[in-house]
Structures are given as structure tokens and as C-alpha cells.
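The values are calculated or read from the model by the stated rules, or taken from the named source; none is laboratory data. Keep in mind that this is a model prediction, so the values were computed, not measured. Heads up, the Cβs are rebuilt from the backbone with ideal geometry, glycines too, and the neighbour counts pull from every protein chain shown. Calculation scope for accessible area: heavy atoms of the full protein, side chains included, ligands and nucleic acids excluded. Shrake-Rupley method; radii C 1.70, N 1.55, O 1.52, S 1.80 Å.
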2 protein chains.
Amino acid sequence: MGPDDILEIGFAFRKSRALLSAIEFGVFTVLADGPLAEGALAARLGIHERGARDFLDTLVSLGLLERDGASHYANAPMAAAYLDAGQPSYLGGLFEYLNERMYPAWAKLTSALRTGKPQAGPSAAGGFSTFYSDGSAADTFLRGMTGASLLVGRALAGSFPWTEHSTFADVGTAQGGIAVEIARAHPHLRGIGFDLSSVERPFNDYVRGSGVRERVSFQAGDFFKDPLPRVDVLILGRVLHNWDVPIRQMLLDKAHAALPRDGALIVHDALIDDARQERPHCMLSSLNMLVQTAGGSEYTAADCRGWMQAAGFTRTQLVPLAAMQTAVIATKT
Amino acid sequence: MGPDDILEIGFAFRKSRALLSAIEFGVFTVLADGPLAEGALAARLGIHERGARDFLDTLVSLGLLERDGASHYANAPMAAAYLDAGQPSYLGGLFEYLNERMYPAWAKLTSALRTGKPQAGPSAAGGFSTFYSDGSAADTFLRGMTGASLLVGRALAGSFPWTEHSTFADVGTAQGGIAVEIARAHPHLRGIGFDLSSVERPFNDYVRGSGVRERVSFQAGDFFKDPLPRVDVLILGRVLHNWDVPIRQMLLDKAHAALPRDGALIVHDALIDDARQERPHCMLSSLNMLVQTAGGSEYTAADCRGWMQAAGFTRTQLVPLAAMQTAVIATKT
């Protein structure tokens with residue numbers, strides 16, 4: 001590690017901003033129609049001529065665009081796959097969320113560290129039910145979760161023995177991104193998206209276009225008050241990290257109570273390595289829980305297995321998914 | 001390039017924030033006194049217990065801190081060298097500037113791209129002379145420039161034939177960071193820091209503690225109105241990028257007029273590669289000029305050589321410095 005590595009860390013926010021602004025302008029979606037010269041592309045996007053060339057060449061230097069000998073810009077393959085809003089594999093909802101909410105929230109990291117209190121997000125807004133009643137913030141958040149769920153849902157669909165089960169419920173489902181990917185990959189499954197009633201409409205809006213609406217339905221509920229759905233497999237994805245340890249334990253206890261014998265619980269989050277020194281993305285996700293929730297954090301697989309054992313689960317298994325998410329799968333025996 | 005690379009770019013701002021908050025808390029300066037356990041360190045820093053462990057382990061995962069078997073935290077070698085405010089090689093002024101000014105300014109990148117107008121910095125404040133009269137913003141900016149100059153000044157001191165010259169002037173010198181490093185390395189040289197009169201006091205404050213105050217003096221001047229100092233070597237470092245091309249040409253013309261035969265002009269900035277596709281840091285620095293100035297941008301070596309030739313310089317040479325800065329050195333024949 002040299003001083004240039006330190007500078008790289010310090011200046012890294014600028015490359016995030018370039019990508020997030022590119023998503024905001026729809027650069028990759030416009031270029032899905034074919035390569036364009038600088039002037040035509042800038043005009044389509046509404047980018048002023050002063051910064052257009054530098055902005056587009058920045059995206060070239062980051063590997064997101066390609067520029068040919070005639071100075072026409074085109075999407076790099078990865079951008080075409082994941083950053084074009086017309087593709088089913090579009091991750092842009094996540095980046096819109098980072099752009100509108102997380103980047104400005106993280107300007108307050110110092111204050112979050114000093115006080116231990118959330119500076120933004122659901123907790124700062126008075127909890128999820130209040131937060132979900134703020135249309136604009138909730139909409140950005142929910143689409144962000146959908147974008148963040150795509151790769152993870154696909155990985156989960158391929159790394160669990162779904163053929164041995166018939167029903168599942170995704171608890172804290174948001175728009176149902178995870179449930180949709182699993183149901184798409186396994187036509188024999190029926191799934192439930194479980195969340196607060198205020199999420200029903202955005203859930204239905206998303207699932208309606210998914211091709212699996214006949215097999216994925218919404219169940220309104222509050223996991224603080226209500227029992228969890230009675231299904232073969234329960235999923236708690238990006239849920240435990242929002243809450244403190246006693247609430248996590250309560251949720252795992254509820255999951256154990258709700259599952260049948262041979263039922264499975266899948267927990268996934270940005271698990272920290274047990275030695276807490278190798279995964280900066282996961283450590284930073286834990287700080288994100290500091291910035292945005294009252295008691296949340298990421299945690300290690302060892303932490304999770306301990307809570308699962310306390311809830312009565314005896315067999316657990318670690319499964320790396322995608323996008324730095326790792327699952328801990330527990331079976332009720 | 002895979003989807004994880006896109007996610008890495010999108011989330012990169014969080015690692016910047018972790019470093020910038022660490023600088024703000026003085027983590028590396030406190031640890032210069034020796035390793036500390038989590039609780040003692042958090043208490044010294046004023047960090048709430050809730051996020052302390054995650055924050056410190058984030059810095060471990062980024063390679064900035066080390067944690068021993070007894071869970072004591074210590075500076076990693078590079079952090080000890082460059083991030084401890086007690087060291088002469090402290091770069092922290094730069095990071096304080098990024099923390100206080102550049103991170104929030106870049107939240108407005110989309111607006112800068114849409115309008116072509118600066119959103120922050122000297123131009124948005126009404127030009128350098130107005131900007132320098134705002135004590136707090138100017139102070140942060142000037143210390144930022146000093147932090148950014150240290151490695152570059154040392155590199156420049158070692159990569160130019162200073163023994164062939166007796167005098168130099170650093171034009172747009174800010175606190176004189178570059179001039180001090182060159183004078184320190186070459187005791188036969190006398191140098192001038194040339195800048196607006198409002199910079200004289202912070203310049204003198206900095207040079208007073210440098211050990212070269214007898215050989216480095218301030219000359220107040222406005223390069224729009226006044227001729228440049230008559231010295232053997234003129235330096236225009238991080239100056240041309242603030243201005244549009246006609247002003248750059250005017251400055252190079254003035255430099256040519258001021259220099260003696262065999263005199264040299266050293267221009268340095270975050271030069272973009274001629275193909276404009278290989279240096280994201282430099283492209284992003286160019287966007288920083290969009291965000292913070294009315295007409296500035298970075299530029300390529302080919303651009304710079306063209307302006308130098310138009311000014312009358314016939315021999316030019318490229319010299320990579322440090323921290324992504326490259327010099328173009330021109331000789332007056």
C-alpha cells in the first residue's frame with residue numbers, strides 16, 4: 001500500500017458520482033438504441049456541451065462506455081446488461097437509491113459515529129411504517145431494494161434445493177424482488193411476500209409485470225405483532241441487519257416456531273468475515289446501518305449461527321450468493 | 001468486468017467517507033502515540049460506542065489500521081506516514097478539504113453537467129479574490145492545496161535539473177507547498193510564491209515553519225493584470241486547469257515573455273492521457289473543474305504542448321510526478 005492507494009480511497013466518491021449521475025441521465029438506456037456521437041448523445045440526455053465530452057470519456061475510462069475511432073459512444077457489455085432500464089437485468093433502481101438517498105446520507109457519517117444515532121432512512125423517519133407512508137422516499141427505497149435483490153435472488157434460486165419444497169415466504173419482501181426471481185426459476189413453487197400493508201401496492205405493481213403473479217402473492221403483516229407465514233421455507237433477507245440483537249433473536253424464534261419439521265430458514269445479509277478484517281464492502285454496509293437505523297448492523301456468520309442455535313435450529317450451512325450477500329441456511333429438525 | 005465491478009464503482013463513495021471521517025476524528029494522529037483498545041480509542045476520539053468497533057474494523061479492512069490479537073488498534077505503516085497530523089508528510093489537509101468541500105460539492109454533479117455552471121468553489125463564489133476573502137472556506141481550500149502539493153513538490157524537486165538554475169517562482173502558489181519542497185531539496189535556490197495579496201498571510205504562516213523562510217518569499221500579484229516574476233524557472237501548477245483555453249494561452253504567453261533565454265516553464269496538472277480513456281482519476285479531476293470553476297478542465301499533454309508552441313516555446317518534455325500529476329516542461333530558446 002502506497003500513498004496513491006490512500007488517495008484512491010479518499011477520491012473514490014467521485015467515481016461513484018460519475019456512475020450515479022450517468023444513471024440519473026439515463027446514459028446507458030439511451031445508448032441501448034445504438035452508438036451516438038458526443039453532440040447527439042449530449043442533446044438526447046440534456047447534458048450541457050461544456051462537460052459532455054469529459055463526462056462521457058470519464059465513463060469510458062471507468063470501463064462503462066466504449067468509444068470507437070469515429071468518436072461514437074456505445075455501452076460496454078456489462079453496462080448494456082445491467083444499466084439499461086429496458087433490460088430485465090437492470091440494477092438501476094439500486095443506483096437511483098444510492099444517488100438520491102445514500103450518498104447525501106453518508107455526508108453525515110461523522111455525526112452518526114459521534115452520536116450513535118441514525119441520520120437518515122427508515123429509523124430516522126420514525127420506523128418503517130412511517131417511512132413507507134412518505135411516497136417519494138418510500139418509492140426510491142423500494143425500487144432500490146428491488147435493484148439490490150435481482151442478482152441475489154437469482155443466486156438464491158440456484159443455490160438451494162428448492163425441488164424438495166413447495167412453498168416459501170420472503171419476510172420483509174419490499175417489492176418482492178427476491179420472491180419473483182425464485183418463483184421464475186422454479187415453476188413448482190408458490191411464494192408469499194410478507195411485509196407491512198403499505199407495501200402491498202408497490203409489491204403488486206412489480207409482481208404484475210413479472211410473469212409469476214399467479215404464484216406469488218402478498219400477505220400483509222407486522223413481524224413484531226403477527227406470526228410468520230406457515231410455509232416450507234422462510235427467507236429473512238436484508239432484514240436482521242436493520243435491528244438490534246434481541247429483535248433478531250425474536251425473529252429467529254418466530255421463524256423456528258412457524259416452520260414445519262424439515263422446513264428451512266434462509267437468512268442473508270452482507271455478512272462480515274468472522275475475523276472482521278477482509279470485506280470492506282460488508283463493514284461499510286454495517287456503517288450504513290449505523291447511518292440509517294436505530295439499532296442495526298451487519299454481523300458475522302458465527303454471530304448468526306449462534307442466534308440460530310439459540311432459536312432451536314441445529315443444522316446450518318453457509319452459502320455465498322452475489323453482490324457480497326451471503327446466506328446462512330438453517331434446517332428445523 | 002462483471003456486475004460486482006459496477007457495484008464497486010457505485011458504492012465506492014462509502015470508503016471515501018470512512019477515510020474522511022477518520023481524518024476528521026484524528027484517528028491516525030491519536031494512534032501515533034501507540035496502539036489502543038477499542039474502548040479507549042473511541043473515548044479519545046469522541047466516537048459513540050455503538051459504531052466504534054465497526055468503524056475501526058472498516059479501517060482495518062481498508063488497510064489503514066491494523067488490529068492485533070488482543071484487539072488493540074494501530075496505524076498501518078502508510079497511515080502512520082501520511083495520515084498522522086504530527087508528521088511532516090501529513091496529507092490530511094487534502095482530505096479535510098475533500099471532507100468539508102468536495103464531497104458535498106460533488107452531490108451537485110448532475111446539476112453541473114446539466115447547466116455547465118460551477119456549483120461550488122472559487123468560481124461559484126465569484127472568483128478567487130472573493131473566495132479568498134471568505135476566511136473559513138479559503139482556509140480549508142488553502143490547506144487542501146498544501147496537502148495536495150506535498151508529494152508533487154517532492155517529486156518535482158527530484159525530477160528537474162535545478163542545479164542549472166538559481167531562482168524560481170511558483171505562480172498561484174497558495175500556501176507555497178510546492179515552493180517549500182523544492183527549496184528544501186535545493187539549498188542553492190531562491191524562490192518566490194506569487195499569488196493574490198489575500199494569500200500572503202496564510203503563505204507566511206506556512207513558510208515560517210518550513211525551515212526555508214530565508215529563501216522563499218511572497219510576491220503579491222494578479223496574473224490577469226501584472227507581469228509574472230523575472231526568474232530562471234516559472235511553475236504553473238494546478239493553475240491552467242482552473243481556466244478556459246484563451247486564459248491558459250495568455251498565461252503561457254506571459255510566462256514566455258517573462259523568462260530569460262534558457263529559462264524553463266514547468267506546467268503540472270492531472271494530465272489526461274492523449275487517447276482520453278486510461279486515467280479515470282484525471283478525467284474525474286476534469287469534472288471537478290466543471291463542478292468548481294466557470295471555464296476550467298483538465299487537458300492532455302498534446303493540448304498543453306500545442307499552447308506552449310503557440311506561446312513560442314520550441315522544446316517540451318513530459319515528466320510524471322506523483323499523485324497523478326504530470327509535468328510538461330518547456331524551455332525558452
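Annotations for the structure displayed:
- Taking every residue in B:67-76 and counting other chain Cβ atoms within 10 Å of its Cβ, the average works out to 1.
- Looking at the protein assembly as shown, the accessible area is 37 square angstrom per residue; that uses a 1.4 Å probe and ignores ligands, DNA and RNA.
- Where N is the number of residues in the range B:180-330, Cα Rg divided by 2.2 N^0.38 Å: 1.06
- With the alpha-carbon atoms of the range A:57-190 aligned to their principal axes, the span from lowest to highest coordinate is 53, 48, 26 Å, starting with the largest.
- About the centre of its Cα atoms, the protein assembly as shown shows a dipole size close to 480 debye [charges on the beta carbon of Lys, Arg (+1) and Asp, Glu (-1) only; nearest 20 debye].
- Couplings 3J(HN,Hα) of the range B:102-109, computed from phi: 6, 4, x, 4, 6, 4, 9, 4 Hz, in residue order, whole Hz [Karplus 6.51 cos²θ - 1.76 cosθ + 1.60, θ = phi - 60°; x for Gly and Pro].
- Note on the range B:155-244: with neighbouring protein chains present and a 1.4 Å probe, carbon and sulfur make up 46 percent of its accessible heavy-atom surface.
- Cα gyration tensor of the range A:82-124 - equivalent ellipsoid semi-axes, whole Å, descending: 29, 9, 6
- Inter-centroid distance (Cα atoms) of the range B:53-80 relative to the range A:155-171, Å: 39
- Charge dipole (Cα centre; +1 on Lys/Arg Cβ, -1 on Asp/Glu Cβ; no other charges) of chain A amounts to roughly 660 debye.
- Solvent-accessible area buried by B and A, counting both chains, probe 1.4 angstrom, square angstrom: 7000
- Stokes-Einstein D in µm²/s, Kirkwood radius over Cα pairs - the range A:138-198 at 4 °C with 1.567 mPa s viscosity: 110
- Mean Cβ neighbour count within 10 Å, used as a protection proxy, ranking B:27-35, A:233-241 highest first: A:233-241, B:27-35
- Here the contact order of chain B, divided by its residue count and restricted to Cα pairs under 8 Å and six or more residues apart, works out to 13 percent.
- The range B:138-269 - Rg (one decimal) and Dmax (whole number), Cα, Å: 13.5, 39
- Percentage relative contact order, the range A:1-79, counting C-alpha pairs under 8 Å, at least six apart: 29
- For the range B:1-157, a crude dipole built from +1 on the beta carbon of Lys and Arg and -1 on the beta carbon of Asp and Glu, taken about the Cα centre, is about 560 debye to the nearest 20.
- Computed over the range B:42-118: relative contact order in percent, which uses C-alpha pairs under 8 Å that are six or more apart: 12
- Only alpha carbons enter this Debye calculation for the protein assembly as shown, each as an equal point scatterer, and the log10 of I(q)/I(0) it gives at q = 0.09, 0.11 Å⁻¹ is -0.81, -1.10.
- Test item: A:269-278 mean partner chain Cβ contacts at 10 Å: 3
- Globularity index of the range A:234-292, i.e. its alpha-carbon radius of gyration over 2.2 N^0.38 Å: 1.28
- Helix-only mean residue ellipticity at 222 nm for chain B, each DSSP H run of n ≥ 4 adding -39500 (n - 2.57), per residue, nearest 500: -14000 deg cm²/dmol
- The range A:1-57 - convex hull of alpha carbons, volume per residue in Å³: 98
- Based on Cα atoms of chain A, Rg over Rh with Rh as the Kirkwood radius reads 0.99.
- Compactness of the range A:277-333 is given as radius of gyration and Dmax, 12.9, 38 Å, from Cα positions.
- Take each residue of peptide A:103-112, count the partner chain Cβ atoms within 10 Å of its Cβ, and average: the result is 6.
- For the range A:1-127, alpha-carbon Rg relative to the globular expectation (2.2 N^0.38 Å, N residues): 1.25
- Equivalent ellipsoid semi-axes, the range B:201-281, via Cα gyration tensor eigenvalues times 5, rooted, Å: 26, 19, 13
- Inter-part distance where the range B:115-144 and the range B:86-109 are each reduced to a Cα centre, Å: 14
- Pair-distance profile P(r), taking every C-alpha pair of the range B:197-243, with 10 angstrom steps and integer %: 21, 49, 29, 1
- The peptide list B:261-269, B:185-193, A:200-208, put in order of mean Cβ contacts within 10 Å with the highest first, becomes B:261-269, B:185-193, A:200-208.
- Applying a threshold of 24 Å to the alpha-carbon distances of A:LYS108/B:LYS117; B:LYS108/B:LYS225; A:LYS15/B:LYS117; A:LYS254/A:LYS332; B:LYS108/B:LYS254; A:LYS108/B:LYS15 flags A:LYS108/B:LYS117; B:LYS108/B:LYS225; B:LYS108/B:LYS254 as lying beyond it.
- The fraction of Cα-Cα pairs per 10 angstrom bin, counted from 0 for the range B:88-164, comes to 18, 37, 29, 14, 3 percent, rounded to whole percents.
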